[in-house]
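Read through the structure below, which is laid out as structure tokens, and then see the notes.
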Amino acid sequence: MRAKSPQEAYELLCSKRGSRIVGGGGWMRLSTRPVGTVIDLTDCGLDAIDEVSDDPVFGRALRIGAYVTLGTFERDGRVADATDGAASCAVRDIVGVQFRNLVTVGGSVCGRFGFSDVCLLLLALGADLEFVGGGRISIEAFLLDTAPCRDVLTHVIVPACPVRASYQAVRRQATDFPLINACAARTERGWRVAVGARPGRPRLVAGASAGGGIEAKPATPSISFDPTPEEVAAACSAAEGLVYSNNMLASGAYRREVAPVLVRRAIEAACGAASLQGAAAAAADRPEMGEGAR
């Protein structure tokens, strides 16, 4: 069914048992859940990216419609500026151009897939999500929630403040799923560093420093605006302490070994700290495909 508005889509979703919102449809076959009614949001006007200067949380922000394709997300200059080019780096290896011109940002987010490069990027950027039904929540809270989503995502809201960001990943080959990935973002609000493809959902491993405007979880080390080697080492240690498991792409042991290396690289690239102590060690620790990844 093609809904005429997000509100109509929400009412259909609530009233029809087994109904489901369709994004680009690229990953629907990964689910074994039976679908009674597919709800299409094509006519709901959610395929635009708008700049706003009066967002109640971020001030300047990008409001990215849920039906914006990953191809548009990858190529849009405003998204590139708001992510320091990390958006293009994060999605450019997702299958291929035709696929990225079909699948949507909203579908990538609502799938909450562990391998999602998009969720990882948005988590590091500290994005918010707007739902009909659930209101506005942080993407961190959404990824931590284990209940099925029964709301309609309308927009992803990304801060448009100056940012330095870096996305890092290890893949067997281009267009393959990441074996492990990491993203670090530094703004005037502070730092956010996340690890994904564990193969579980992305998780923050470091937050902003005290007083930086974003509260870090007690379990996550804080990083000052100009990180010290000790702070970087603490973030790497936190990454190593996440839960990792095996799948057909790589072992949990391999992921645990590589994740801290990617976190260090992401932080150093985001702050441009070629002189940061430990950079040489990170280069020497460049992960190679070994037995654990087979």
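Where a number appears in this text, it was derived from the coordinates with a stated rule and is not lab data. What you see is a predicted model, and the numbers here were worked out from it, not measured in a lab. Cβ atoms come from the backbone with ideal geometry, glycine included; neighbour counts cover every protein chain shown.
Before moving on, here are some points about what is shown:
- Extreme residue, positive dipole direction of region 75-234, given options Val105, Leu204, Ala174 (C-beta unit charges): Ala174
- Between Cys161 and Phe99, the C-beta separation translates, for a Förster distance of 35 Å, into a calculated FRET efficiency of about 0.65.
- Taken along the Cα-to-beta-carbon direction at a fixed 7 Å, the label points for Ala48 and Arg17 span 4.0 nm.
- Contour minus Cα-Cα distance for Asp81 and Leu144 (0.36 nm per residue): 19.9 nm
- Multiplying the residue separation of Lys4 and Asp40 by 0.36 nm and subtracting their alpha-carbon distance yields 12.0 nm.
- Förster-model FRET efficiency, 30 Å R0, Ser237 and Ile137, C-beta, rounded to 0.05: 0.55
- Kirkwood Rh in Å, taken over region 45-159 so that all alpha-carbon pairs contribute: 14.0 Å
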